[in-house]
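Structure first, then comments.
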Number of protein chains: 2
Amino acid sequence: MKHHFSSRAASAKRSTIRELLKLTEQPDIISFGGGLPAPETFPHMELAKIAEKLLREESSNVLQYGTTEGSRTLRAEVGKWLAAQGISVSIHEQLVTTASQQGLDLICKAFFDPGDVVFCGLPTYLGAVQAFTLFQVTKIGVPLEDDGMDIDELESRIVVAQREGKKMKGIYTIPDFQNPSGITMSLEKRRQLLEVARAYDLLIFEDNPYGHLRFAGEPIPSIFSMDDEGRTIMLLTFSKVLSAGLRLAVMVARGDLMDVLVRVKQPTDLCTSKLTQMLAARYMQEYGLEKHLAAIRPIYREKKEAMIAALERHMPDEEGLHWTNPDGGLFVWVWLPEGIDTEEMLPRAIASKVAYVPGASSYVDGDGQNTMRLSFSLCTPDQIDEGIRRLAHVVTETIEARKIGARS
Amino acid sequence: MKHHFSSRAASAKRSTIRELLKLTEQPDIISFGGGLPAPETFPHMELAKIAEKLLREESSNVLQYGTTEGSRTLRAEVGKWLAAQGISVSIHEQLVTTASQQGLDLICKAFFDPGDVVFCGLPTYLGAVQAFTLFQVTKIGVPLEDDGMDIDELESRIVVAQREGKKMKGIYTIPDFQNPSGITMSLEKRRQLLEVARAYDLLIFEDNPYGHLRFAGEPIPSIFSMDDEGRTIMLLTFSKVLSAGLRLAVMVARGDLMDVLVRVKQPTDLCTSKLTQMLAARYMQEYGLEKHLAAIRPIYREKKEAMIAALERHMPDEEGLHWTNPDGGLFVWVWLPEGIDTEEMLPRAIASKVAYVPGASSYVDGDGQNTMRLSFSLCTPDQIDEGIRRLAHVVTETIEARKIGARS
């Protein structure tokens with residue numbers, strides 16, 4: 001039946017890495033692979049109470065179809081929450097989505113014809129790459145620096161694409177504790193990014209799943225909040241701050257941009273679950289999301305600190321071997337010496353009972369072979385130390401083997 | 001910002017009918033408009049108990065990401081349920097979707113390039129029309145007869161499309177109690193449809209949201225169960241048999257067809273909510289879906305009988321005025337005399353405190369102006385009688401006004 005596949009479906013491949021990582025679900029493997037939130041952060045007893053009450057007392061609401069735009073109650077709560085952060089957004093500037101991955105799907109549908117260009121980080125979020133790829137979008141990567149996307153490089157790549165007559169639509173960025181690198185974009189670069197977007201009339205897709213999981217340093221304003229032209233679409237999700245299993249997020253955009261997103265969501269899934277929407281809305285009303293965030297940030301901070309300490313303790317002192325030290329989120333990014341291929345190394349790591357995500361799939365230019373993503377969220381500090389010890393052993397062996405190979 | 005819209009987004013319009021029907025949410029209007037399940041059929045007390053227990057005891061499962069394929073527990077339960085109906089489907093032949101509207105989105109993604117052809121009923125489900133339109137699919141309508149799609153007409157339209165060099169992909173059909181018409185396809189026509197699909201190498205997209213809501217007559221085997229070549233994809237949903245608010249459905253397909261659907265779901269929304277999946281799975285395990293269906297079918301039967309009786313009681317005896325009398329589902333379809341436009345008539349109906357869905361938007365060939373869809377699911381038998389009385393009055397007036405107009 002393969003002759004019936006669409007041309008776009010040919011591009012949608014099962015990830016071999018993902019298949020390999022399925023092996024790492026064995027209990028004796030310490031996995032830094034999955035980008036999952038720490039389950040001990042889920043306020044499950046509170047959600048149990050809310051769910052029971054909602055289903056008992058409001059079933060003809062929560063078990064019925066809702067509007068495409070989403071629950072007004074939820075949007076009002078999100079509006080109040082954002083207002084407290086200095087971001088003014090009406091309920092009409094919000095679209096509830098079936099998590100932020102759907103937000104990316106809707107962005108592709110609303111703005112991208114095949115061949116249109118999106119600019120993104122090198123590296124960037126694999127799920128975004130997959131969404132853009134499915135819609136046959138041309139992805140142009142821009143290197144990241146310690147303080148976010150290299151804006152000069154962005155501009156020069158825009159100029160080249162323009163010269164080549166490409167239709168450029170926007171820039172995809174995760175400014176806070178980026179997935180996969182953990183890098184945060186500085187305030188100055190956010191300003192510059194907005195200037196470039198204005199100069200070349202581009203949209204900005206600001207994916208913000210981790211911004212509220214800051215456990216060190218001072219918050220930096222979102223690009224959306226600094227944009228007075230309404231060319232930024234911000235994706236906020238409940239996946240990391242409340243629960244990933246609800247599949248619940250809110251897209252924020254103004255004017256025409258919001259209107260077209262609503263129009264393309266309707267044929268996509270009609271509406272997001274009323275039950276999951278009302279679970280989040282009642283949680284915000286009865287318990288408060290900020291209070292919850294204040295309780296869970298130290299959990300992530302402790303894990304991150306354990307990982308950085310373990311890397312410092314166990315990793316060999318080698319030229320080119322270094323890592324990020326994020327102020328929030330779930331991920332540490334590691335560069336190994338040039339020539340080491342983390343995809344090739346993964347089976348050896350798994351044999352040593354430790355797992356990670358090789359970085360190359362997060363690079364749209366085919367680079368990144370010597371990088372890897374480590375997630376600290378699912379392990380205890382002790383497991384993190386032991387896992388990094390195992391990984392450092394594999395890394396050391398791989399580096400040594402390469403030196404011997406180079407000599408012979 | 002409209003110049004940034006994709007060419008497909010230009011086709012995604014807000015439905016003016018849908019906006020008009022929003023007005024009908026006032027309590028004094030009797031609405032036969034929405035295609036919503038009857039809320040009194042939701043087993044909310046049982047779901048409240050299950051939800052409370054799941055969130056209390058299995059939160060690190062139900063509040064976490066799941067696999068793209070869906071919960072194995074749910075797929076195992078659906079497999080057992082289908083086996084009891086004589087349909088053998090392994091868990092690997094099932095994909096859990098965020099309701100069947102997402103199933104249609106995935107079908108478009110997997111199989112349709114712009115301009116590819118799908119055949120569908122005249123009329124057919126509006127949400128399917130919208131999904132196909134968003135993906136720039138060419139929709140060719142085939143008239144329905146009392147026993148389903150006119151297979152001779154289907155074949156002659158296939159021949160024409162073939163002659164015109166069009167790339168034909170498949171046939172979209174709702175064989176049981178079709179939305180919007182309530183028409184059921186006969187066993188003989190199901191066989192013929194499969195023969196035609198085989199002869200011209202087409203896929204069959206069998207949308208089956210109402211098949212289990214049969215309240216009269218004998219069940220007819222699904223096309224999927226009669227297909228020994230694996231060219232049929234069946235969409236089953238929990239929306240009408242358990243709850244629409246869960247946004248939960250299962251697509252059933254074999255071999256390569258299932259594989260490509262999984263691959264395009266991943267970038268679409270990663271996975272469907274684990275919480276809603278486990279709610280349905282535990283409900284099936286602890287209470288049984290068949291038992292629930294046996295309890296809710298009489299509710300729909302009573303409402304349908306009330307509507308048919310009211311139509312017979314109140315509607316004028318006019319040439320060309322007739323309706324379907326379905327054996328299941330939620331809908332009765334009404335044909336008014338030629339020349340009456342139900343879209344034009346709707347504001348007068350709303351002024352008389354009754355609402356329906358004009359039929360034209362369900363016709364992909366621009367026809368159907370004199371048709372309307374009546375849903376009996378949200379009203380009591382008394383409300384149905386009163387609503388049809390009001391509607392009959394508007395219809396009578398409209399017919400009389402037209403006669404006077406024709407004479408003058």
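Counting only DSSP H runs of at least 4 residues, each contributing -39500 (n - 2.57), and dividing by the residue count of chain A, the helix-based mean residue ellipticity at 222 nm comes to -14500 deg cm²/dmol. Peptide A:270-282 has a mean shielding of 5, counted as Cβ atoms of other protein chains within 10 Å of each residue's Cβ. Between the range B:40-116 and the range A:62-135, the alpha-carbon centres lie 23 Å apart. Overall dimensions of the range A:29-155, expressed as equivalent-ellipsoid semi-axes from the Cα gyration tensor (√(5λ), whole Å, largest first), are 34, 21, 17. In this simple spin-label model, placing a label point 7 Å from the Cα along the Cα-to-Cβ direction at both A:MET45 and A:GLU155 gives a separation of 5.5 nm.
What fraction, in whole percent, of alpha-carbon pairs in the range B:3-101 exceed 19 Å separation? Of the Cα pairs, 71 percent sit more than 19 Å apart. With a Förster radius of 30 Å applied to the beta-carbon distance between A:SER90 and B:ASP113, the computed FRET efficiency rounds to 0.20. Taking a ≥ b ≥ c as the square roots of the eigenvalues of the Cα gyration tensor of the range A:57-98, is the shape rounded (a/c under 1.5), prolate (a/b larger than b/c) or oblate? Verdict is prolate for the range A:57-98. Within the straight-line cut-off of under 19 Å between alpha carbons, the lysines reachable from B:LYS167 are A:LYS2, B:LYS109, B:LYS139, sequence neighbours fewer than 8 places apart in one chain being disregarded.
Between the alpha-carbon centres of the range B:150-173 and the range B:350-389 there is a gap of 31 Å.
Note on A:HIS322/A:ARG14: beta-carbon distance plugged into 1/(1 + (r/R0)^6) with R0 of 30 Å gives a FRET efficiency of 0.40. Taking a ≥ b ≥ c as the square roots of the eigenvalues of the alpha carbon gyration tensor, the range B:341-399 is oblate, as a/c is not under 1.5 and a/b does not beat b/c.
Over 32 Å between Cα atoms, which of A:LYS274/B:LYS291; A:LYS53/A:LYS80; A:LYS13/B:LYS22 qualify?
In this structure, A:LYS13/B:LYS22 exceed 32 Å between Cα atoms.
When you restrict to C-alpha pairs under 8 Å that are six or more residues apart and normalise by the size of the range B:44-289, the relative contact order lands at 28 percent.
Direction-averaged projected area, Cα convex hull, the range B:121-196: 4.8 nm², rounded to one decimal. Which longest run of chain A has no exposed loop site in it, a site being GluC sites (Glu not before Pro) in a DSSP loop with at most 15 other beta carbons within 10 Å, and the site itself not part of the run? Excluding the exposed sites themselves, the longest stretch runs over A:1-163. For the range A:215-258, the relative contact order comes to 31 percent (Cα pairs under 8 Å, sequence separation of at least 6).
Across all directions, the shadow cast by the convex hull of the protein assembly as shown built on its C-alpha atoms averages 36.3 square nanometres.
Taken along the Cα-to-beta-carbon direction at a fixed 7 Å, the label points for B:ARG402 and B:GLU302 span 3.6 nm.
Specify whether the C-alpha gyration tensor of the range A:240-295 places it in the rounded, prolate or oblate class, a ≥ b ≥ c being the square roots of the eigenvalues: rounded for a/c under 1.5, otherwise prolate if a/b is larger than b/c and oblate if not. Let's see the in-between values first.
Details: a/c = 2.67, a/b = 1.82, b/c = 1.47.
It is prolate, given that a/c is not under 1.5 and a/b is the larger ratio.
Where q = 0.07 Å⁻¹, what log10 of I(q)/I(0) comes from the Debye formula for the range B:44-289, counting one point per Cα? With no solvent term, the Cα-only Debye profile gives -0.23.
Laboratory data are not the source of any read-out in this text; all were calculated from the coordinates shown. Note that the structure is a prediction, hence the values are computed from the model and not measured. Here Cβ is always computed from backbone atoms with ideal geometry, including for glycine, and neighbour counts include all displayed protein chains.
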